[in-house]
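Working notes, structure below.
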Amino acid sequence: EFVILNGNIINRSEASIDIEDRGYQFGDGVYEVIRVYNGKMFTAQEHLERILLSAKKIGMEITFTVEEMKTLLAELIQKNNVQLGTIYMQFSRGVSPRNHPFPVPAVPQSFVAYTKEIVRPLANLENGVKAILKDDIRWLLCDIKSLNLLGNIMAKQEAVAAGCYEAIQHRGDIVTEGSSSNISIIKDGKMHTHPADNLILNGITRRKIIEVCEKGSIPYVEAAFTLADLENADEVFLSSTTSEITPIVEIDGKQVGNGMPGPVTKKIQVLFDKEIETECGS
Ligand code: PMP
């Protein structure tokens, strides 16, 4: 199995990271997860542009271009012969004696990427999943896909401990996003999703959903919605690169709508599948 380390494709067994890597010590870096369907990356352009933007927002200038990263990742997929799976990639601010300020002069960033084979979550896509509500205790720069995920993993663990798939986070009355997904609701045929500001990660799947809503003439609005809106929603779903568009059928033990994945969610799923087919083939 091959991995990318600092721009080189090497054997995983030969890859190692220094104990003073700032990603390891401070979570000082950014990451992406890209889906692979049919041996091809889905929405790679968007993910790679986002990692450049995330890096910029933490004062890190990634030296690779989108095209360079694409070429390298495509080579990794081919070498590992991945048909259906994901690529995980991250850049940290590099290796330097532990000290909070950024290293001066800057040191080379650590760039790691590897592939994983995963199947599509067909049962969840069809039947839906359960979620809990959780106070969003994270910082105020959730638009950055940073390596600091403590708030997210603690929320997810609470969901898992409750026998649920996801934690729907809220700041006061406003629903923000899941621990590793965006949240959308359907009310009277209209899709509502939190605006892409600093309180959520602007999901690539979320953006695709907006695109297919336009194509499929599904009304939508990018506007914050409340816990009451969530409770009164006809349909609720989460979206992410790995979970795709997963219906949420129960929240804190209460049924959503009639407790089954709804028609608008299903329509969005079908349109989303078409996007995958167009970009990656079937
Ligand atoms: N929000 C958070 C906090 C996430 O971790 C993710 C998954 N990366 C998302 C939203 C969904 O983003 P995407 O559709 O780009 O995977």
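Taken together, the values in this text are just the output of simple stated rules run on the coordinates, not laboratory data. Small disclaimer: the values here were computed from a predicted structure and weren't measured. All Cβ positions, even for glycine, are placed from backbone atoms using ideal geometry, and neighbour counts span all protein chains on display.
Observations on the structure shown:
- Look at where the Cα atoms of region 214-282 and of region 63-108 average out, and the two centres are 32 Å apart.
- C-alpha long axis of helix 150-161 to longest principal axis of the chain, angle in °: 50 degrees
- Cut-off under 5 Å, modelled amide H: who pairs with D136 long-range: H170, R171, G172
- Measuring nothing but how far apart in sequence close Cα pairs (under 8 Å, 6+ apart) lie, relative to its length, the chain scores a relative contact order of 18 percent.
- Shape of region 88-153, Cα gyration tensor, a/c cut at 1.5: oblate
- Fraction in percent of alpha-carbon pairs per bin - 5 Å, region 122-280: 2, 10, 20, 25, 22, 14, 7, 1, 0
- Most tightly packed first, judged by the mean number of other beta-carbon atoms within 10 Å of their residues, the peptides 90-96, 273-279 read 90-96, 273-279.
- Global form of region 1-89, assessed from the alpha-carbon gyration tensor, a/c cut-off 1.5: oblate
- In the chain, the convex hull through the Cα atoms has an average projected area of 14.8 nm², a quarter of its surface area.
- Farthest toward the positive end of the dipole of region 53-128, out of P101, L72, L122, is the Cα of P101, where the dipole comes from beta carbon charges about the Cα centre.
- Extension gain (nm, one decimal) between N198 and N81, 0.36 nm per residue minus Cα-Cα: 38.4 nm
- Sequence-ordered 3J(HN,Hα) estimates for region 225-241 from the Karplus curve with 6.51, -1.76 and 1.60 and θ = phi - 60° stand at 10, 9, 4, 5, 4, 4, 5, 8, 5, 6, 9, 9, 9, 10, 9, 6, 4 Hz, glycine and proline given as x.
- In order along region 124-136, the Karplus-derived 3J(HN,Hα) couplings, from 6.51 cos²θ - 1.76 cosθ + 1.60 at θ = phi - 60°, round to 5, 4, 7, 9, x, 9, 9, 9, 10, 9, 8, 4, 7 Hz, and Gly and Pro are given as x.
- Per-pair calculated FRET efficiency, R0 = 35 Å: Q255 and V66 via Cβ, rounded to 0.05: 0.20
- Cα-based helix-to-principal-axis angle, 263-280 vs the chain, degrees rounded to 10: 30 degrees
- Unit charges on C-beta of K, R, D, E only; dipole of the chain, Debye: 200 debye
- Helix 66-80 and the longest principal axis of the C-alpha atoms of the chain enclose an angle of approximately 90°.
- Whole-number percent relative contact order across region 1-116, with pairs defined as alpha carbons under 8 Å at least 6 apart: 37 percent
- The phi-based Karplus calculation (6.51 cos²θ - 1.76 cosθ + 1.60; θ = phi - 60°) puts the 3J(HN,Hα) values of region 48-56 at 6, 5, 5, 5, 5, 5, 4, 4, 4 Hz, whole numbers, x for Gly and Pro.
- Shape of region 204-266, Cα gyration tensor, a/c cut at 1.5: prolate
- Neighbour counts of C-beta atoms inside 10 Å place R12, R22, R171 in the sequence R12, R171, R22, starting with the fewest.
- Amide H within-cut-off set for F225, under 5 Å, with H built and near neighbours excluded: V175
- Multiplying the residue separation of Q25 and K274 by 0.36 nm and removing their Cα-Cα distance gives an extension gain of 85.5 nm.
- Note on region 122-280: with charges restricted to the Cβ of Lys and Arg (+1) and Asp and Glu (-1), its dipole about the Cα centre is near 120 debye.
- Label point distance in nm, R98-N38, each placed 7 Å from Cα along Cα→Cβ: 4.9 nm
- Whole-number percent relative contact order across region 124-282, with pairs defined as alpha carbons under 8 Å at least 6 apart: 26 percent
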